[in-house]
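Asker: Take a look at this one; I'll ask things after.
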Amino acid sequence: MEEDERKGFWKKVLKVVGIGTIAAGAFAILKPPATTIIRKTISDFIPGDPKPGTVLYRDLFTGYAEHSGIYVGGGERCIVELQRDEKTRHSIIRLVSPEEFVEHGVGMTGTIFVSARDGDAVGSQEVANVARSVLNEDLDSYSLIVNNCHMFAFSCLKAAESHEKFSVAKMQELTSSHWLHQEMTLDNLRNTARDVLGADSWLKWNWDGKAVPERVSRPEPA
């Protein structure tokens, strides 16, 4: 990468997450991007669409971080996510389409992974209801320490598990305690999806219909 290109890349990174965010959260998100390559080449897809309450994520920053959300169904805009508003720089909970879910970030991919069990998507209507209940909420400043996407998805799972309403204060209390142990990462979210939803794997969603199922040639019967 040429020097000008390298500077341009990091300017985009800083614009998206901010210098303070990178400094505060680097220890929790950095990992070898080889894992992204491995995940993208896995050929397992769920049949059809996810179920309401399915946890979703996709890679960004060329595999050094991820963005997560909750699938709620109900039309073209079917994913609830927490994203930073470019104008206010606040965390906004919003309903987006799969295209919008994958369009933000630097070095992102169009691959969406979903919580799954026994080869199919697994979710919970209660998780979907919790996510929908806080649409358009403004949670103040976005950062990797408070008010980010993993914390939102994690808190939706925990609120559904305990049959409680979503609470911003509760989310920040839960996530702060996890951050003290360096646990508020995608791995923690995946583990929580395992405990709450029974997810045993993470499969790909063919949301744009571009994936072609692998065809196996079979010999003609004699």
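The values are calculated or read from the model by the stated rules, or taken from the named source; none is laboratory data. As the structure is a computational prediction, the values presented were derived from the model and not from experiment. In this analysis, Cβ positions are derived from the backbone assuming ideal geometry, glycine residues included, and neighbour counts consider all displayed protein chains.
Asker: Out of GLY123, GLY105, I need the residue that is at pLDDT below 95 and either surrounded by fewer than 19 Cβ atoms within 10 Å (Cβ to Cβ) or touching a strand residue (DSSP E or B) at 6+ places or on another chain (Cβ under 8 Å) (or both). Which one?
Answerer: Selected residue: GLY105, the only one of GLY123, GLY105 that is at pLDDT below 95 and either surrounded by fewer than 19 Cβ atoms within 10 Å (Cβ to Cβ) or touching a strand residue (DSSP E or B) at 6+ places or on another chain (Cβ under 8 Å) (or both).
Asker: If you check ILE42, ILE37, which single one turns out to be modelled with pLDDT under 95, among the β-branched types (Val, Ile, Thr), exposed (fewer than 15 other Cβ atoms within 10 Å of the Cβ) and within 23 Å of GLY198 (Cα to Cα)?
Answerer: From the options ILE42, ILE37, the qualifying one is ILE42.
Asker: How about the stretch 195-208: which of its residues are over 15 Å from the mean Cα position of the chain (by Cα), farther than 15 Å from ASP120 by Cβ and not aliphatic (A, V, I, L, M)?
Answerer: ASP195, ASP208
Asker: If you don't mind, there's one more thing I want to ask. Can you tell me which residues in the stretch 170-222 are at pLDDT 75 or above and of a type in the set (Phe, Trp, Tyr)?
Answerer: The answer is TRP202, TRP205, TRP207.
Asker: I'd like the residue in the stretch 46-101 that is under 14 Å from the mean Cα position of the chain (by Cα) and assigned to a helix (DSSP H, G or I) and, out of all such residues, is farthest from SER115 (Cα to Cα).
Answerer: Here the answer is PHE61.
Asker: Of the residues GLY25, GLY69, only one is touching a Leu at 6+ places or on another chain (Cβ under 6 Å), within 27 Å of LYS158 (Cα to Cα) and modelled with pLDDT under 55; which?
Answerer: Checking each option against the conditions leaves just GLY25.
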